[in-house]
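Notes follow once the structure below has been shown.
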Amino acid sequence: MKPSFDKLFSWIPNGIICLVVVFSLFAYIASQMGTPQMLNTIMKTAHDLLLNTVFYLMAICVITGALGRLFVEFGVVSLLEKILRPLMKPLFNLPGVASLGAVLTFLSDNPAIISLAQDKRFSGYFKKYQFISLTNFGTAFGMGLLVIVYMVGQGFYVAPFIGLFGAVCGCIVSTRLMQRFILKAYPQYKNEDVCSAREIEELEDEGIKKPLFQRILDSLLDGGRTGVDVGMAIIPGVLIISTLVMILTFGPAASGEFTGAAYEGVELLPWIGEKLSFIFDWLFGFNDPHLIAFPITALGAVGAALGLIPNFIEAGWVDANAIAVFTAIGMCWSGYLSTHTAMLDTLGYRNLTSKAILAHTIGGVVAAIVAHWCYVLYTIL
């Protein structure tokens, strides 16, 4: 029997492997950009992401957290559970109240569903394996309204809605696959409730005793406070992962030189995309290797990925098929690499992060493939 890869290199200390990988990566980037320019670009990109992406997401989390807590307090969640149970159960294997999380993330961003999940009167409808899969479910609708409106604003009217259908299909795959992974690792979660019935009753009784105005005010402030906590939790993921992805995606300044400005890079990912273009042509219908930069950037932040589109259109690389695929994969992935760890950490299940990322990677690819072939079918009809 041949020794496994892990056993073959087990004699090498992990610290040495880590140093080799890290120094090799930064040595490559520095050799292309120059060390001062690389360091300046890293700092300026991270700073811009903090100010213009993270704080924007935090503001969204505060508002949606307050709105979600208000809906929970006054029975909207219970109403949704009764109305949407016949739809949510067969498609996503989730209770009907999960639809509120889909609406909030569609109107805002991924972490909004975590703000809602913090309320026991919402999470009390879920078994543990369903509750954990909310990370995948909510992420698949993240910033959906923004993505669709942006695509329509670029002059594409049918393709974004084909992409929306693809994102829903990707969400089904990602959510159910995550549930399968959870139950395989923790079979007991199938029957374990997130909250006990007594905890939920105590919260409801406490809320009923308060005056109406105080119930409204407490709901808004408590939900907003939860949003602040979630916004703080996503900072490391957004800054670290998005900065690295953007440096590997974008190119030098317009002059062709590296100036140390934010969002400059070495264009490694587009180069890889060009070498694998035969795969992306068939799966996604991409007609230019540069288009792979959109899904790669969407791994870290879909807002940043949307910023690529005007340049793509100006260069003539984008057609309606690409917009459908961008919408599907942009919604379904919507920066999950930069938020999944923080979201699962907030829920208390950080150890399941790798399973969530694997399930969502597959779901995003499925979303893009469905969008592409649905657009092909649309053009035939």
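The values are calculated or read from the model by the stated rules, or taken from the named source; none is laboratory data. If you're wondering where the values come from, they're calculated on a predicted model, not measured in any experiment. With ideal geometry, Cβ positions are generated from the backbone for all residues, glycine too; neighbour counts draw on all protein chains shown.
Among the residues making up region 304-321, those that are in a helix (DSSP H, G or I) and in contact with a helix residue (DSSP H, G or I) (Cβ under 6 Å, 6 or more places away or on another chain) are ALA304, ALA305, LEU306, ALA320, ASN321.
Being of a type in the set (Lys, Arg), closer than 23 Å to ALA322 by Cα and either at pLDDT 85 or above or touching a Pro at 6+ places or on another chain (Cβ under 9 Å) (or both) narrows it down to one residue among LYS275, LYS190; which is it? Matching residue, one of LYS275, LYS190: LYS275.
Within the set PHE9, PHE26, PHE5, PHE55, the sole residue that is modelled with pLDDT under 90 and under 27 Å from the mean Cα position of the chain (by Cα) turns out to be PHE55. In this structure, GLY227 does not qualify as assigned to a helix (DSSP H, G or I), buried (at least 23 other Cβ atoms within 10 Å of the Cβ) and touching a Lys or Arg at 6+ places or on another chain (Cβ under 7 Å). List the helices (runs of 4 or more DSSP H) that sit entirely inside region 78-187 and contain at least 1 residues that are among the charged types (D, E, K, R), at pLDDT below 85 and over 30 Å from LEU381 (Cα atoms). Answer list for region 78-187: 120-123. Residues considered: THR341, THR297, THR346. Of these, the only one that is in a helix (DSSP H, G or I) and buried (at least 23 other Cβ atoms within 10 Å of the Cβ) is THR297. Taken over region 156-170, the criterion of being among the small types (Gly, Ala, Ser) and closer than 18 Å to GLY303 by Cα is satisfied by GLY163, ALA167. One residue alone among PHE258, PHE286 is among the aromatic types (Phe, Trp, Tyr), surrounded by 20 or more Cβ atoms within 10 Å (Cβ to Cβ) and over 22 Å from TRP373 (Cβ atoms), and that residue is PHE258. The listed residues are LEU79, LEU70, and the only one of them that is more than 20 Å from MET343 (Cα to Cα), out of contact with any His (no Cβ under 8 Å at 6 or more places or on another chain), without any contact (Cβ under 8 Å) to a residue 24 or more places away in the chain and of a type in the set (A, V, I, L, M, F, W, C) turns out to be LEU79.
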